[in-house]
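Colleague: Structure incoming, see below.
The values are calculated or read from the model by the stated rules, or taken from the named source; none is laboratory data. Computed from a predicted model, the values in this text were never measured in an experiment. Note: ideal-geometry Cβ built from the backbone for every residue, glycine included; neighbour counts use all protein chains shown. With ligands, DNA and RNA removed, areas are computed over all heavy atoms of the protein, side chains included. Shrake-Rupley method; radii C 1.70, N 1.55, O 1.52, S 1.80 Å.
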Amino acid sequence: MNVDAVILVGGRGTRLRPLTLSAPKPMLPTAGVPFLTHLIGRIREAGVGHVVLGTSYQAEVFESYFGDGSRFGVEIDYVVETEPLGTGGGIRNVASRLQGERALIFNGDVLSGVDLRALLARHEEARADVTLYLTKVSDPRAFGCVPTDPDGRVSAFLEKDPDPVTDQINAGTYVFERAVVESIPAGRPVSVERETFPGLLASGARIVGYVDLGYWRDLGRPSDFVAGSADLVRGIAPSPALPGPCGEALVLPGADVAPSARATGGSTVGAGCVVGPDAVLDGSVLFDGARVAAGATVRRSVVGFGAVVGEGAVIEDAVIGDRARIGARVELRAGVRVWPDVAVPDGGIRFSSDL
Ligand code: GTP
């Protein structure tokens with residue numbers, strides 16, 4: 001197929017801090033493997049064999065994990081932005097590496113089940129310059145709204161509109177004709193959402209929407225990151241790249257889970273983790289080497305690399321940074337983020353702000 005895949009992975013992932021201090025968002029373990037592995041698997045399944053990664057923040061970690069891509073059944077090229085060029089600038093920056101006449105372009109943090117072959121077919125049949133995958137959400141205010149005419153042509157781009165006219169949003173995956181990629185200004189930051197798309201529309205380019213109401217989630221926020229990982233483990237979000245038998249939980253080789261502990265809700269227990277007797281994990285992600293002591297409860301939360309949750313502690317909707325130590329009986333809830341290496345002493349302490 002005469003199509004390349006481009007994945008934008010250069011963002012700093014600030015909303016997922018502190019997890020993104022040690023790894024870029026697309027490299028965070030999601031259902032046991034770096035998130036990008038799932039996306040690359042879906043690209044390969046769609047018959048696209050050449051992938052270009054547009055990197056910037058912590059650029060080197062992508063190549064050291066994915067190499068030339070052969071282990072993942074694709075050929076991978078890397079293009080590094082020394083200064084982040086934004087989403088549009090990142091697309092322009094890979095132009096010289098494109099081998100085909102069009103490119104499938106992905107935000108590197110979207111989990112979806114969209115049929116990529118059907119998206120490409122829609123683009124070809126509509127003879128579009130750009131085709132956008134669109135989905136619908138109940139509250140579109142935080143997204144880019146993209147209304148379409150009855151024939152499917154995009155009529156406007158309304159970024160983060162407080163009073164949206166449609167529940168149809170930009171799902172972060174596009175097909176671009178190569179000439180359109182080359183028309184983006186080079187060498188300076190460009191936002192594809194705020195500059196390129198409105199500019200193309202104003203200049204009369206043919207921009208088409210492809211609406212798919214199947215699984216879609218942007219993993220940019222901690223609550224979505226844990227939910228997306230759990231959906232992969234439970235088979236609600238499709239992926240050809242799951243590293244082992246899944247279901248209610250995915251326990252990676254080398255993890256030690258006490259027989260009386262319960263891991264449910266699509267939790268992932270990373271390699272080398274230890275989960276003590278009667279501990280409860282529900283819809284959570286334990287990165288490699290994390291430890292959850294006896295009787296502790298971890299719900300809808302991430303426990304970072306090598307972090308420790310003490311006996312009887314309760315962690316709900318929280319993010320525990322790498323190597324942090326949460327004392328016995330501590331309660332953390334409602335969006336609390338604990339920074340790496342922080343130690344929270346034992347005690348029945350309740351926290352509702354970041355540590
Ligand atoms: P936040 O800081 O939490 O908003 O995350 P982010 O930096 O990842 O930004 P956002 O979620 O808006 O980015 C969407 C996708 O574009 C992600 O996959 C990013 O890695 C990618 N991205 C964002 N900015 C750049 C950039 O300047 N260059 C490249 N190559 N990719 C980018």
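Colleague: Across segment 211-226, which residue is farthest from residue 284 (Cα to Cα) among those that are within 16 Å of the ligand (Cβ to nearest atom) and open to solvent by 30 Å² or more (accessible area, probe 1.4 Å)? Step through it out loud before you land on a result.
Modeller: Taking segment 211-226 as the starting set, the residues that turn out to be within 16 Å of the ligand (Cβ to nearest atom) are 216-226.
With the extra rule that they be open to solvent by 30 Å² or more (accessible area, probe 1.4 Å), the set shrinks to 216-218, 221, 223.
Details: 216: 19, 217: 17, 218: 17, 221: 14, 223: 10 Å.
If we take residues in segment 211-226 being within 16 Å of the ligand (Cβ to nearest atom) and open to solvent by 30 Å² or more (accessible area, probe 1.4 Å), then 216 is farthest from residue 284 (Cα to Cα).
Colleague: For segment 123-145, enumerate the residues that are within 17 Å of residue 197 (Cβ to Cβ) and at pLDDT 95 or above. Reasoning before the result, please.
Modeller: Going through segment 123-145, the residues within 17 Å of residue 197 (Cβ to Cβ) turn out to be 123, 126, 128-135, 140, 143-145.
Selection gives 123, 126, 128, 129, 130, 131, 132, 133, 134, 135.
Colleague: For segment 1-101, please list each of the strands (runs of 3 or more DSSP E) lying entirely inside it that holds at least 1 residues being buried (at least 22 other Cβ atoms within 10 Å of the Cβ) and within 9 Å of the ligand (Cβ to nearest atom). Walk me through it before giving the result.
Modeller: Details: elements: 3-8, 50-55, 75-80.
It comes to 3-8, 50-55.
Colleague: Continuing with the same structure: Test residue 262 against the stated conditions and say whether it is modelled with pLDDT of 95 or more, touching a Leu at 6+ places or on another chain (Cβ under 8 Å) and basic (Lys, Arg).
Modeller: Yes: the conditions hold for residue 262.
Colleague: Pairs only if they're at least six apart or on different chains, beta carbon under 7 angstrom, first in segment 1-19 and on the phi < 0 side of the Ramachandran plot, second of a type in the set (Lys, Arg) and more than 8 Å from the ligand (Cβ to nearest atom); list them, first residue then second.
Modeller: Pairs found: 3/102; 18/337.
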